[in-house]
Structure formats: C-alpha cells, structure tokens
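Data first, discussion second: the structure below is written as structure tokens.
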Amino acid sequence: MIRTPTILAALALAISLSGPAKSAGDGVVDIVAPFEIKGMDPTTSGDVFLRMGIVETLVEADAEGRPIPALAKAWSLSEDGKLWTFELQPNARFHDGAPVDAKAVANALEIARGKPGLLSKTPIQSIDAVGDKQLTIRLTAPFAPLLAFLAESRAQVLAPSAYTGSDVKAIIGSGPFKLTGFAPPQSLTVERNPDYWGAKPQIEKATYLSVSRAETRALMAESGDADYVFNLDPASRTRLSKSNKVKVLSVSIPRSVMLKVNAGRDVLADRKAREALSLAIDREGLAVAVLRYPAAATQLFPPSLGIWHDKDLPPLAYEPEKAKALLAELGWTPGADGILQKDGKPFALTLTTYPDRPELPLIAAVLQDQMAEIGVSLTINSTNSSEIPAKHQDGSLDLGLMARNFALVPDPIGTMLTDYGPKGGDWGAMNWSNPDFDAALSKLTRIADAAEGAELRREAVAAIQNDLPVIPIAWYQQTVAISPKLEGAGIDPYERSFGLDKMRWAE
Amino acid sequence: MIRLLFGRLVQAALVALMVGLLTFVMTRFLPGDLAYRIAAGRYGYDIVDSAAAAKVAAELSINQPALVALGQWMFDLVRFEFGTSLISGQPVWEEVSTQLGHTLKLAAVAILLSLLIGPPLGILAGLRPGGLLDRSLILISTGMRALPQFVVGLGIIIIFSLTLGLFPVAGHDHPGHLVLPALTLALGLAAVSNRVARDAMRSVSETAFYTFGRTKGLSEWEVFRGHGLRNVAVPIITYLGVQFVYLIEGVVVVETLFAWPGIGHALVHAIFGRDVPMIQGAAFIMGLLFVALNALVDALCHLIDPRERRT
Amino acid sequence: MTSPEYALPRATGFPVRRAAGLAILGGLVLFAFLPLLFGGPDPLKQSLRLSLQGPSTADWFGYDHLGRSMQARLSAALRLSLGLALLSVVTAMVPGVLLGVAAAWRGGIIDRFIGGISEAFLALPGLLLVLMLTAIVPDNPLMLYLGISLVLWVEYFRLTRALSKPLLLSPSVEASRLLGFGPWTILRRHLWPELAPMLVTVGSYGAASAIMAIAALGFVSVGVRPPTPELGAMMIELLPYYEEAPHALLQPILVIFLMVLALQLIGAKEKP
Amino acid sequence: MNTVLKVTDAAVFAGNKQLVEPTSFELAQGRVLTIVGETGSGKSLLAQAVAGLLPDGLSATGVANLNGTHFDLAKPASLRPLWGRTLGILPQEPWLALDPTMRALDQVAEGHRLVRHLERAAALDEARRDLKALGVEDAEGKLPDQLSGGMAQRVAFAAARAGGARIVIADEPTKGLDVARRDDVIALLMKEVEAGGSVLVITHDLALARQMGGEIAVVLQGQVIEKGETEAVLSNPSHDYTKRLIAADPANWTAMARQGLQSEPILVADALSKTRGGKLLFSGQNLKIHRGEIIGVSGPSGSGKSSLGDILLGLIKPDDGVIARLPGAARHRFQKIYQDPPSSFPARITIGQNLDDLIRLHGLDRRILSALLKRLRLSEDLLQRRPSDVSGGELQRLSIARAMLLEPVFLFADEPTSRLDPITQQETVDLLVELARERDCAILLTSHDKALIDKTCDKVIDIAAA
C-alpha cells in the first residue's frame, strides 16, 4: 500500500524538474504582452499576427505615420481622387508558396471590408485585380486617408487558402516570420521565413505569450524569463528602471486618457460647466503620482502625433478656485454636504469606466476626489468597456473615462472622422455640434495640400480645446522591458509591430 | 458499493439539471446589453462600437422567448451539444476540454504536491500532540490560510524565480512552468490537509486497536505501518473530495497570476464577456467533473476501508 | 486492560486558546470601530503628495499609492469585512442548521430531498455561483457575501444532520419523550448544547474562508469596486508597489492574518 | 511448579496520592490467579502496573520477576519488550480491539510474522491453525464488523497469543456479556491453562472466579484483604466484605416473590408478535399485568426482551396484536429504566436541571423529590453534577427517583443492573422492588441473569419458548 504513492510522487517530481529551467540563452526571443489570442479572425486577434511579423498589409507606416511601401511597391491616384492603382511587390510569396497576386489581395481586402473595422467605413465602390501584379480601388468620393486605412491590422492580406468563405481557418501570411505553433488564447510560436521577399530578419525563432497581470510580466522581465515584455504598469516601471537586469524603453504614443462628456445633459450643456470640470483636474499630480510619467495632457493630441499637435495652443490649466467661480456664475450654490445644488438638484454625475486597462479605475478614483473638491459628486461605475458605446447610443451616459487609441490607423484622421463626425461618435463627442469644426474636418479628407491641411487641423484642434466636447487628462507612455542581450529592439509608436525583424542577439 | 455509485449518478443528474437551470436563468438576468458585451469581448475596447454590436446582435437570435430557449438548451444539453463560443467562434466543447485539460494537469500536480507536504507533516504532529512540531504547524497553517493565494504566489515567484532562478515565472510549454503555480496551490491545500491528517492520526492512535497493536508486541513503526497508515488514509482521502471546492477558487487566482490557460481564468472572462454558451458549457462540465471526482474518492475510500456503513 | 479506571480531570475553565483568539478579535474590532467614535482621517481623502509615504510618528500606518491614510482605510475595510463575514456566516448558518435539524428529525423523503439538493450544491462550483451573482448585481458587496453563504450553508446542513441524527435516536431523547417533554425542550436541552460548540468552530472557519474568498475574487476584478476600502481590494491595489512601499502591502495582509488567526483560535476544539 | 511471575510490593500513585497499597502475589506455571474487586477498587491499576501499561499521569513502584529476570515497575518502558512475547494481554472490548480495515486472519498472522519473525506463508498457516483450534476458521476472510461478538472474542484471543506469550492477563473479560458468551470466555481461558500457560484474571464477576479455580485475591480500596485457594475462600470467607461480595451474587439472594396477587390489571396484551431484521422474535404472546406485580423476562441478548418492553410502552408497534392500558392513567405513568444509566440523561445539563424541568412540566411539588432522594439514599448535591460525573449505581437510582416522581403504574426496567457491580446491583434491585411494592407500581424486569429474575419476580415469561 505504501509503495505506490511514494513511486508516484518521485515520478511527478522528476518530470516537473526535467524541463530546462530557463528558456533564455537558446536563441529564441520570448515576447510577452497582455493581448490574448482570441481566434484566427483578423478582426479579433489580427493585431497580434501583424506585430509578430506573420502577416503584412498593403501599405506600412513610418515613425511619423507617413505611408511607406509594403506589399504594394508603389501607388498612384487619379486626378478626380477616386481611383487608386497599386503595383504589388514582384516576388512576394505567401507562406504556403502561393504568389501574392492581385486576385489574392483583392479577395483578402473584400473579406476584411465585410467585417467590423475601419475599412468598412471607407467609401469604397469596388476593388479589382487588373493584371497579375496590379490592383485598383475605386472610391465613390475622394478619401485622402485611404492609405492609412489600408495599413490597419484588420486589412491584413492572407493567402486564399487561409479562408473558407469569409472565415479564416489558418494564418497563412506573407510576413518575415512563419507561424509554427498556435495555442489560443495563450501563446504562439514563429520561425524565420527563409524565402521572404524583403530584408531577412536575424532572429530565427520567437515565441509570443499573453500574460494579463502586469506584475507577472514585470517579474518575467526581471527574472530573464522573457526577452521583450510589452506594457508595464507604473509601479513595475519605476522598479525595473532601477534594476540592471533589464533595459526599460518608454515613448509617448498617440493614445490619450480622456473624459467623454455628454453635452446633452443640462448640467453639462453650458461650455463653462465643462471648462470648470477641466480646471478641477490636477493633471500634473495625477501623471506623477499615479501614471508615473511626465505626460500631463495640455491638449487632446500628444506630441507624438506630430502634425495634429499644436505647440502654441494655450495648455489646459489646474485652477480649482476659477472652476468654483465659473460654477457659481452658472447659479450653483454649495449644499450642506459641500455638493453644489441648483433649484434642489445636486450636481451629481456617474463616471463610467472599464478595468481592462488597470490605470483607468485608479484615475477615476483620483478624479472623484478632485471633483469633490469643487462640489461635484461623482459615482464610479467600473464595468465592461462596451457600456460606453452602449450608453452613448441610448443617451444615458454622463461621463465616460476612456483611453482612446488614435493610432488604429497611422493617420489619426480616420479615428477623428468616426469620433467627432457631425453626429458625434461612440468614443468621441456626444450631443455637441460646432459647424466650422465639421466643415474643417470634412474638407481635410478631400484636400492634399500640406499647408492648407495644417491650417484646417489647427482650427479643428482649437475648436475641441475651446469647446471641450471631451476633456483630455493624460497622454499615454508605452513602456517595454528588453533583455540586455537583445539589440535593435524598439517600440513602434503606432503599436503595429514588436520590431522582431530589426532585432538581433548582442555578440 | 453499487449503492454509492448509484447515489453519485443521481447526484450527477441533479447537478446537470441545477447547473443548467441556474446558469440559464442567471444569464437571462445579466445586466448590460448582451450584443455590446460580446462585441467588446470579441473585438476589444479599442474597436467595440454600436456598428460592431449591431453586427453581433444580428448574428445571435437573442430575443427568443425564455421558455423556448430553455427547452432548446436542455435538448442540446442532453445531446452533449454545447454550441460554439460567441467570442472565439470555436466549439465550446473543444475550448473547455483544452482549458480543462490544463486546469486538470495543474490541479493533479497541486494535489500530489499537497499530499506530499500536508499529510506527512500532519501525521508526525498527530503522533506527538502538543509537541513543538504540532504547535508550530498550527501557526504556519493558520498563516497560510490567512494569506490570499496571489500573495503566496508572488512570494514564491520572488523566492524561486527571481532570487534562486530555479523555475520560469509563467508560460506553459514545458513541465518546468508547472512547478510554481502548482506549489502555490499545494501550499494552500496542505495548510488544511495537514490539520485533517493530524486530527485523524491523533484519534487513530487513541483507538483500542492501535493500543492492542502495541500490546501484541509490534514496534511503534510496525503498528503505524500496519494499522495507523490505512486508517488515517480514509479521512484524508475523504477530505480530498471536499478540497476540490477550494481548489477552484485557488485555480482562478493562480491561473490569472501565472498566466496559465485554465478553465477558471476562462470562466471569469466568459462571464465578463457574456459568452453564454461558454458559461453554460463550462459550468455543466465542471459540475459533472466534480461528481466524477467525488465518485472516484468514494471508490478509493471503499478500497481502503471496505466497511459499508460510512455516511 | 486499556480503560483507565482512574478518570483524568476534565479540562475545565476557559481554554487559553479561545481567550487569546477573543483578545485579538476584540483588538481588531476596537481598531475598526474607534474612528467612528473619535473620528479619524477620511479613508477616501487623497493627497497625491503623500503617495506611498512610510509610517511616521504623525501617522503610524503611512499612506497608500493615492496618498490616502492607511489607518483610516484599514479600519473602514475591517468594518466592512467583519460585518459582511458575520453576515455570510449567519445567512449560511441559520438555514443550514434549521434544515439539518428538520432533515434529522423528520427523516424519510424530506431528509433525502434536502440531502439531494445539498449534494448538488456541493458539486456546483461555488465560484461560478458567486461570479454569476456579482455579475447580476455588480459593485454590491452584499451580493458577494450572499453568493458565498449560498456555498457555505451546505457545510452547516451536513454537520448538523450528522450530529443530530444519532442524538435523536439516543435513549436520553426517548426517555425525555416518555417523560412527556415536548419537541422544544428536546431541542433546547439535548440538541442545542451539542450543536453550539460545533457551530462556533465551523462558524469561525466559515468567516475566515469568506474573507479569503472575497480577496481572491477581488484579484480577478470581480470583488468590491474601488474606492470602497476592502482588505482584498487594498492588497490588489498595493501589490505592484511591493518593493517600493512594502509597508502598504503588508498592513492589510497582517490584518487578515490576525483576523483569520483569531477566528481559528476561537474555533479550535477544546482538546489541544 | 515454578512461579512464572512474582510481584513484590507493587503500588500505584497519582502524583503523590497512593491509589493501590503495596501488594505482592505470585502466579505459578499452569495455574490461575483471579483478582476480584468492585469498580474503582484499583484491581485494574495493579494489573496495568505489572504489565507496564499505566496511563500517563500515574506512576508505579515495586518489582516484578518474570521467568527469573528482574523488572522495576517504576520504569514501564523496560516491560514493553515483554508485550506479546511473554505477556499476552487480552483486550477488553474485542470488537474495538480489532483493526476495522484488516481481515481477521491477517490480524492474527501479524503476531506470528512480526513478533515471532516467521515467513509470511508460515505465519498465515500458523494463524489458520490458531483460528481452527478456536473453532472460528470461517472468520478468516471476514472484517471485524462482519463477526459476531463471540467470534470477535476468539479472534482477539488468538491475536493476543500469536506472539507466543505464555502468561495471559485478562482484565474484565466478561464485562457486559450474557451467560452464553461468558462460559465461552471461560472455556477459552481454561484451554490456555491446560496447555501449560498461566492466566491472571481481573474481574468483579464471582461466578467467573469460581469456575476458573486456581487462587483468588480480593481487593478493597487498593488493599488485598484476603488471598488463598478460590474454592476455600469462596466456601468460607473470613473478611466480611468478601462475605457481602458472595452474598451479592443473585444465586444467593433470598427470594422476594409474592404469589397469587389479584388486583386489577393495568395492562392487557394479547397475540403480540414481532419480527426484527427478518428474525421472528416472538408471536402469539398473551400478557396480563396487574397493579404492583413484578414480571421477569430472561433470555440471551438480542432475543427480543427489550422489543417486548418497548411494545408494551408503545415506543414501537407490534407486527400484530392489541394492547389495552389502564383507562384514565396518563401516558407518562408508563415509564422506562435504561441499561446504560448515563445515556438516559441529557449529557450536557446537570441532573438537577433535568429534574426541575420535569417538576415544572407536570406542576409537581419539589418536596416529593427530596423525599424520594432520601428514600433512595441519594445526597442533594448530586443534582449539581452532570451525568458523566456521577457513578453508574447512583445514576440508576436517580433515574428510578425521576420515574417515581410521576407515580407510574407500569415501569419497564430493561436490564437495569447489568453494568453495575454485584453489591450495587443487589442494593439497586432491592430499592426498586421496595418502591414498586409501596406505590403499587407494576414492573417488567428483563435480564440475561436467570438467577436474578427467578429470585426477584412474581411471574417469569420465557420469551424463546412461545
């Protein structure tokens, strides 16, 4: 009776210790990030495949967001701005050996257009394969940001054999790395694609692991268990930057934390009320104490967005006293408990946010306290992220705290159009209309001249800064922890690629 | 013995019915628009908007009358037809079985480790009640029961992975990844099982047949090996059945901390993302798994102690 | 040969372990409810300057990552945890014991029926139940504890039934019935004195596991919503700062340790 | 004959309080020594001291000489190697002393294999031979809870002797056994004596001492007050305590029966029958019980005596047959006295509380209780104690007082004195009968001791015959 359990125990211990203790130092780059691989469909996990260099899009984007050639070697636009013609790379091949020809690209784009994503919002009339290596896209109206939309991860080009109907059953891309192992939702492994049409990467093998807890990611970096850890929480960032076991890179990215305001609410309809809320926020203190980086937002767009950031726009200030004065002007008088009252109703709002990004509930807690200083009572409802668009549609939203990604498409104009269009947007303005802002925005999509574009952009940004349909709070810093043995690794501000193709092992 | 197994079968059917009803009723009352939640689960917070939600709503036939939907679901259940997950599009059975596989692997090693740590210490303490080992074990197990799993997990990572560099922190491709999460779970289980073993050993060593073993002329070790071990094994193994309940709580936390692709972690996401078929399928299978494991425990106990009349 | 004729004196008087447990619990309750009497810093008041400051003579407990007074938050969290732990134990104990006694007393179909339900509850993953309940009514600590007590009641039911069944068949109850005593006296004189010590033990272990379950649920962001101070949630918020401000993380852990230790010392059976 | 065991000045202390006076005795080879005394007289402590089995908290002094080797009783550890090899210690409760999860044969073979270091197969054969010798070979593959009381007794005996011990120590081997099982034990022990072994018996049962023969030593309050050949001591005892001990044996009681009492019947039952667990207990039983009449039922345990009593009380339903009780007499005037006194009182409250509840329930006068207590020679401060802190004899008298409070017309005494010492048994039965006669209360008395029933009851029902 006693013999069996002892043998079983020894066996269990043996197998669990047999594995190589640490996976470092075997030439494989271990990448860790918070994004789960939900499935094979580009709309659900397309960004992970693009980041790992398995798939490619027609057009790429450089650090400033300007389109550069990818699968399309060159492109041209007709005079009326409605017909785009693309020349495909001559010797590009899919991982299953099939050539990347116009028919395959058209097929992939047509399928992508049918699914939710920015492509479905572009005024495309038809996509046709003209020759073997030439593709045309006909628009119903001129649309300057088309190139940027084609660079979006959901518009990735997969081999015809990857699809059955519109469903994807295998990830067969054309990128520098081939998919060799796939274990959703947690991990996948890739290998260098020997016959890649572009520059061959130096890294041979890489693994991707999705880890949702920030502490675990930080510990994996510190213990050398992972070579490239994407996205660290504030506290780990301060800890790791002090340690010599790991290099920490940080760059501001086109994602802003902002407060979505329902201008339809009578309490918030007046511009002064929104300005008062903005003045009550100590952005400096928040950035230093909570987010731990110097990116207190002075306007909607961070400097990393280049052309959209207006250097000489007056920054948003922190003046609680002026905020109280403004609210007093609007007829609000402090009640017994310090909360402002006006004809019997308290100045009370619900702040909806979501815990998927760990810092949002933290910022909500700080805002709640700072708003209480000027007599505004906030109750926090941290729930599923879809509540914000849902409450936008049924008009029940008061305030929404969110982290809006302007880099879904290299040129933020795409996100601007969906968020601040005439009827507002799920993640943008709500019940707010500013005629000259709308005019400037729509004209921007049609003209190509840089100077005139810059003027229109300054006008649009000034309108938002003045009217405050959304109140910017902080600009995001993306941080990455890299193993010292890895060189050439960086951060793509547009979060499109981990930069696997540029990495190499230090000698 | 057959009576026991028959009892378990009835329990399994009851569980199936209850789990089915409960999850079905609950998913009907979950607040928040189902389509929006699923769109958020599927496309992530950057992309989810009313257009995506509308597309999802069209896909699902959400507004079936409750009773029809219940009937349909029960019918599917009988045929073990769990449908497909709304978020990942994979068949639920496939998703749950892979994730359940990971969780079972983790749970098995955790239980094995806990059996190696808890009961031996408990038995030693039980042989000398009130001794130094006994008193220190009480403090340590109380301490372990007071520490939440994620704090224990963090401590273990810092000790074994950071300072000693013995084991990798997370991931799941080779056995080395299994050790730290399993150890975290095992410590939680051992903190309780060593108390059970101690009390069992103490009461067995006071029984008449234990003393008779001594007066027969057997040495302390021979009495323990012949009579102590088997009689102590029964309460320990019966307690094992109860431990599965605590295991699930631990598994969810440990899977999240160690990024282990298990069922607990997936279940939390499914509930957040309102992935109804996934919730129902996972709950149903986990319920049956519990019953099967309890039946296994009963069989094991019967093997050791064939007396019929144990409650 | 073995039964000692000479009976060793029974351990009378108040066992030391239970006294120590009650002392610790008393201290915690005092720490939790004193600020209500004498007023203390507001647990929600933030001052970002003081973020993560260590304990000092001014404030023995220091500040958390948003500059809120740890002392105020700990006592507020303790009030919440103790109150709701008590709630979950009572909501689990009352039905559990009543059903247990009823099943033991009536026996037959009722016993098998309730027994069947308890078996099913036992097999149901408790966590799923709690997750579902908290999903239906989010941000409500009450729902958390209701969910947990739904899982705990089975334990009370099975223990009460196991204890009451042999007792009700014993000669002492038969004699009492013959002497004309009614069911109420039998309950008060025979069942309750046996059940009470067991309920104290299981109750205190139940409260401890309820508190731990809430902390675990908080870890998967299902628990109590910030900024309400709750021990589990505080630990999760302060976990990332374990190296920078260890005091902040250790305090809630110490409080939970003391609470669970106290409950277990109180619950410990007389025998050492 | 050479002495195999010589004990000189063995004494037992609890701390510095002496429980057993220094005593010396000898056990010769092939002979029996019986130590007789009441519960609490220290006879068991003496035997435990000699075997080195004293519970912790107690210490012993004195010297034991076994087959020439010298042992100091103050150091019990030195005696441990003797266990099983030279000293065969017979367990008291055979059912509890057998490992519930191990088959009977293995429990006996264990002694051969581990103590006498025989090979596994040889040990099993040896064990089979032992069981065959005791006539329980078919118990081989069974588990303890599948064995009857008698079979368990014999398996335990075989297991105790498997280690090859020649000196058997049996403490209260017949406690709680009925007559048939008692003779069974005696035969077992006598077989050991004939085989040349020697037996030390500790008991309060004189019948056992008489049948064992050999020598006897009588112990009172830790002191040996008389010693000698059993036959001689029992036929003309010198110490008066021994005399009272002998007189307490029911066989020597003076008959208290009264014939031909014709008062009105308080309970008439006809054609009662009951089967339990598939076994027919009795059928066609007609019974008429008159006021103040004492009726006895004797038979081996499990023969249905208690079922008959419970049926008459209405506690259990007969399979068929009708019972007519005295009209007008309240239900609670039909009471019952139990075999195990402590279990008939609520364990966790004091006896006084229980009696006060009863008085309050029926609105009785407290003074009746005080009178009853005095009548039953019970002191008032017993009422402050819990049942577990009161001796068996006192508890049984308290339960009689409790029953008498309700002026019962019928009392079912179910083996009331089988757990008590002989002298206490005699006192209790005398008091019970006197009170019943005074209050004209009928009694149904059951016991496995035929002599007790014959000497006490007006009429005897033999249940097995019907």
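The values are calculated or read from the model by the stated rules, or taken from the named source; none is laboratory data. Predicted model only: the values in this text are computed from it and were never measured. Here the Cβ positions follow ideal geometry from the backbone for every residue, glycine too, while neighbour counts run over all protein chains shown.
Within 14 Å of chain B (Cβ to nearest Cβ) and touching a Phe, Trp or Tyr at 6+ places or on another chain (Cβ under 7 Å) - does that describe any residue in region C:102-112? No: zero hits.
Count of region D:301-328 residues, restricted to those that are over 30 Å from D:G150 (Cβ atoms), away from chain C (no Cβ under 13 Å) and in contact with a strand residue (DSSP E or B) (Cβ under 8 Å, 6 or more places away or on another chain), is 7. The single residue among B:S114, B:S97 that is more than 10 Å from every other protein chain (Cβ to nearest Cβ), part of a helix (DSSP H, G or I) and within 30 Å of B:F224 (Cα to Cα) turns out to be B:S114.
One line per residue, one yes/no per condition, for (1) closer than 26 Å to D:G228 by Cα; (2) away from chain B (no Cβ under 14 Å):
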| site | (1), (2) |
| --- | --- |
| D:E21 | yes, yes |
| D:L45 | yes, yes |
| D:H70 | yes, yes |
| D:K75 | no, yes |
| D:G84 | no, no |
| D:L87 | yes, no |
| D:D99 | no, no |
| D:Q107 | no, no |
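I'm checking my understanding of the structure. Among residues of region D:252-277 that are small (G, A, S) and modelled with pLDDT under 80, which one is farthest from D:K227 (Cα to Cα)?
D:S263
Scanning region D:323-341 turns up one or more residues that are among the polar types (S, T, N, Q), crowded, with 16+ Cβ neighbours inside 10 Å, under 30 Å from D:E38 (Cβ atoms) and out of contact with any Phe, Trp or Tyr (no Cβ under 7 Å at 6 or more places or on another chain).
Residues considered: B:A54, B:A108, B:A58. Of these, the only one that is surrounded by fewer than 22 Cβ atoms within 10 Å (Cβ to Cβ), closer than 30 Å to A:K121 by Cβ and without any contact (Cβ under 8 Å) to a residue 12 or more places away in the chain is B:A58. Here D:P94 clears all of (1) at pLDDT 85 or above; (2) under 26 Å from D:G30 (Cα atoms); (3) more than 7 Å from every other protein chain (Cβ to nearest Cβ); (4) in contact with a Leu (Cβ under 9 Å, 6 or more places away or on another chain) except the condition numbered (1).
Among the residues of region B:7-50, those that are of a type outside the set (G, A, S) and not in a helix (DSSP H, G or I) comprise B:L30, B:P31, B:D33, B:Y45, B:D46, B:I47, B:V48, B:D49.
Pull up region A:264-284, narrow it to residues that are within 14 Å of chain C (Cβ to nearest Cβ) and in contact (Cβ under 8 Å) with a residue 60 or more places away in the chain, then point me to the one that is surrounded by the most Cβ atoms within 10 Å (Cβ to Cβ). Can you show your working first?
Initially, region A:264-284 is screened for residues within 14 Å of chain C (Cβ to nearest Cβ), giving A:280-284.
Those still in the list that are in contact (Cβ under 8 Å) with a residue 60 or more places away in the chain too: A:280-283.
Values: A:A280: 24, A:I281: 27, A:D282: 18, A:R283: 23.
Restricting to residues being within 14 Å of chain C (Cβ to nearest Cβ) and in contact (Cβ under 8 Å) with a residue 60 or more places away in the chain, the top hit is A:I281.
Of the candidates B:G213, B:G217, B:G228, the single residue that is at positive phi and either within 14 Å of chain D (Cβ to nearest Cβ) or touching a strand residue (DSSP E or B) at 6+ places or on another chain (Cβ under 6 Å) (or both) is B:G217. What are the pairs, 6+ residues apart or on separate chains, where a residue within region B:160-179 that is at the interface with chain A (Cβ under 7 Å from one of its Cβ atoms) has its Cβ under 7 Å from a residue that is part of a loop (DSSP other than H, G, I, E, B) and of a type in the set (K, R)? Partner pairs satisfying both residue conditions: B:G165/A:K22; B:P168/A:K22.
When the strands (runs of 3 or more DSSP E) confined to region D:189-266 are screened for residues that are in contact with a His (Cβ under 8 Å, 6 or more places away or on another chain), on the phi > 0 side of the Ramachandran plot and surrounded by fewer than 20 Cβ atoms within 10 Å (Cβ to Cβ), none reaches at least 3 such residues.
Evaluate the following for C:A72: is it crowded, with 17+ Cβ neighbours inside 10 Å, within 14 Å of chain A (Cβ to nearest Cβ) and either under 24 Å from the mean Cα position of the chain (by Cα) or touching a residue at least 40 places away in the same chain (Cβ under 8 Å) (or both)? Taking the combined requirement at face value, the residue satisfies it. If a residue must be part of a strand (DSSP E or B) and farther than 16 Å from D:I202 by Cβ, how many such residues does region D:27-37 contain? Total satisfying the criteria: 1. Looking only at region D:410-466, residues that are within 19 Å of the chain's Cα centre (by Cα) and either part of a strand (DSSP E or B) or under 28 Å from D:K274 (Cα atoms) (or both) come to 16 in all. You will find that of A:M430, A:M416, the residue that is buried (at least 17 other Cβ atoms within 10 Å of the Cβ), touching a strand residue (DSSP E or B) at 6+ places or on another chain (Cβ under 6 Å) and on the phi < 0 side of the Ramachandran plot is A:M430 and no other. Which residues, counting only those in region D:77-87, are over 22 Å from D:S59 (Cα atoms) and buried (at least 19 other Cβ atoms within 10 Å of the Cβ)? Answer for region D:77-87, where residues must be over 22 Å from D:S59 (Cα atoms) and buried (at least 19 other Cβ atoms within 10 Å of the Cβ): D:G84, D:T86.
Does region A:330-353 contain at least one residue that is within 13 Å of chain B (Cβ to nearest Cβ) and in a helix (DSSP H, G or I)? Within region A:330-353, not a single residue is within 13 Å of chain B (Cβ to nearest Cβ) and in a helix (DSSP H, G or I). Considering only region A:170-182, I want to know if a residue exists there that is surrounded by 17 or more Cβ atoms within 10 Å (Cβ to Cβ), modelled with pLDDT of 90 or more and out of contact with any Asp or Glu (no Cβ under 8 Å at 6 or more places or on another chain). Within region A:170-182, one or more residues are surrounded by 17 or more Cβ atoms within 10 Å (Cβ to Cβ), modelled with pLDDT of 90 or more and out of contact with any Asp or Glu (no Cβ under 8 Å at 6 or more places or on another chain).
Taken together, A:A297, A:A325 contain a single residue that is of a type in the set (G, A, S), buried (at least 22 other Cβ atoms within 10 Å of the Cβ) and either without any contact (Cβ under 8 Å) to a residue 12 or more places away in the chain or within 16 Å of A:Q478 (Cβ to Cβ) (or both), which is A:A297.
Scanning region C:219-250 for residues that are crowded, with 24+ Cβ neighbours inside 10 Å, assigned to a helix (DSSP H, G or I) and away from chain A (no Cβ under 11 Å) turns up C:L231, C:G232, C:M234, C:M235. Comparison of C:L133, C:L142, C:L122 shows that the only residue that is surrounded by fewer than 17 Cβ atoms within 10 Å (Cβ to Cβ), modelled with pLDDT under 85 and either within 20 Å of the chain's Cα centre (by Cα) or aromatic (F, W, Y) (or both) is C:L142. Residue selection: D:D357 satisfies the criterion of being surrounded by 15 or more Cβ atoms within 10 Å (Cβ to Cβ), farther than 27 Å from D:I246 by Cβ, over 24 Å from the mean Cα position of the chain (by Cα) and among the charged types (D, E, K, R). Consider only pairs whose beta carbons are under 6 Å apart and that are at least six residues apart or on different chains; among these, list those whose first residue lies in region C:35-62 and is within 14 Å of chain A (Cβ to nearest Cβ) and whose second residue is part of a loop (DSSP other than H, G, I, E, B) and of a type in the set (A, V, I, L, M). These pairs meet every condition: C:Q46/C:L66; C:L52/C:A245.
Identify all residues within region C:16-47 that are of a type in the set (A, V, I, L, M, F, W, C) and not in a helix (DSSP H, G or I); write none if there are none. Within region C:16-47, C:L44 is the sole residue that qualifies.
Can you pull out every residue in region D:337-390 that is of a type in the set (A, V, I, L, M) and either assigned to a loop (DSSP other than H, G, I, E, B) or within 8 Å of chain C (Cβ to nearest Cβ) (or both)?
Within region D:337-390, D:A347, D:I349, D:L358, D:L361, D:L364, D:L376, D:L378, D:V390 qualify.
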